[in-house]
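Structure record follows, encoded as structure tokens.
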Amino acid sequence: MLVLVSEWTYLLSMPELPEVETVRRGLSPAMQGKQIERLEVNRPDLRFPFPDRFRDRVEGARITLLGRRAKFLVTELSTGEALIMHLGMSGRFTVNSDAMADFHHDPGTNPAHDHVIFHMQGGATVTYNDPRRFGFMELWPTDQLASYPRLEHLGPEPLSNGFSSAYLNEALQGKSTPIKAALLDQAVIAGLGNIYVCEALFRSGISPRRKAQSVAGKRVERLAPAINDVIAEAIAAGGSSISDFASASGELGYFQKHFHVYDREGAPCDMCGAEIKRIVQSGRSTFFCGTCQR
């Protein structure tokens, strides 16, 4: 549930498609169609240096479209450039609006990490706070977004017209990597991360160890809808609040309450009662039920 207050924040410890979409929807009322009247940039870089003349190129522009592609916020500007933003591991946006002054919540951020502040038409202030500075902001010509290096090789997103059982069946052919690794490949499916891959594999009854090329026929017909269902439900729930997640209302994302396997090592499976297992694949934790998933 999204609660509108005078100050609300999103902190993403592991941002995946649902969390970034939640951020986009929360930012939209303050930014979509509004002019960036003033921009404060309080350091020369985040993960990467800011673009040349970053302030001059953004300040005064109108946001014509606040979009998202996979795990990226793609903000199209009236100048013909797009501001592309990634939140990294600890990026947080706070919107402070006088229009909702009847409400107040302490956002709990350290002002020392307020790296970029957007002063928007209408009085809203949008602050980007990032303690670890793993996020980044880049500018790219809007009419050339298809060639932006971080986007050009992405596969279709769940819930999009380009994603289906038939597409996934073809994309997995010939892949000898485990299905878990294949689904995390952004060139196969854009926006999926560890949480939702674990949950989708559980729902479709597929072992994360199974070779991707063997997930065909009835298996892939279970898997593609499971991916769509998990993503749709997570978006509706405002994403997942795990680890160091914090929000102004304290109740932003609650999909974690519906985890069947993720972060449940040693707990009983909701379906069969067997113990949920954890293994490490490609340096990342995988959670699954060895009885339900084959």
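The values are calculated or read from the model by the stated rules, or taken from the named source; none is laboratory data. Because the structure is a prediction, the values reported are computed rather than measured. Don't worry about glycine lacking a Cβ; one is built from the backbone with ideal geometry, like all the others, and counts go over all protein chains shown.
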In this structure, does Arg68 turn out to be under 21 Å from the mean Cα position of the chain (by Cα) and either loosely packed, with under 15 Cβ neighbours inside 10 Å or farther than 16 Å from Pro141 by Cβ (or both)? yes
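Each row is one residue, and each column tells you yes or no for (1) under 27 Å from Gln186 (Cα atoms); (2) in contact with a His (Cβ under 9 Å, 6 or more places away or on another chain).
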| site | (1), (2) |
| --- | --- |
| Arg47 | yes, yes |
| Arg53 | no, no |
| Thr75 | yes, no |
| Gly122 | no, no |
| Thr125 | no, yes |
| Phe134 | yes, yes |
| His153 | yes, no |
Can you tell me which residue within the stretch 261-284, out of those that are touching a helix residue (DSSP H, G or I) at 6+ places or on another chain (Cβ under 7 Å) and either assigned to a strand (DSSP E or B) or among the hydrophobic types (A, V, I, L, M, F, W, C) (or both), is nearest to Gly205 (Cα to Cα)? Val261
Can you confirm whether Ser241 is at pLDDT below 95, more than 30 Å from Phe93 (Cα to Cα), touching a helix residue (DSSP H, G or I) at 6+ places or on another chain (Cβ under 7 Å) and not acidic (Asp, Glu)? no
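Rundown of residues vs (1) within 25 Å of the chain's Cα centre (by Cα); (2) closer than 20 Å to Lys277 by Cβ, yes/no style:
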{"site": "Glu157", "(1), (2)": "yes, no"}
{"site": "Leu168", "(1), (2)": "yes, no"}
{"site": "Leu172", "(1), (2)": "yes, no"}
{"site": "Lys175", "(1), (2)": "no, no"}
{"site": "Pro178", "(1), (2)": "yes, yes"}
{"site": "Leu192", "(1), (2)": "yes, no"}
{"site": "Val220", "(1), (2)": "yes, no"}
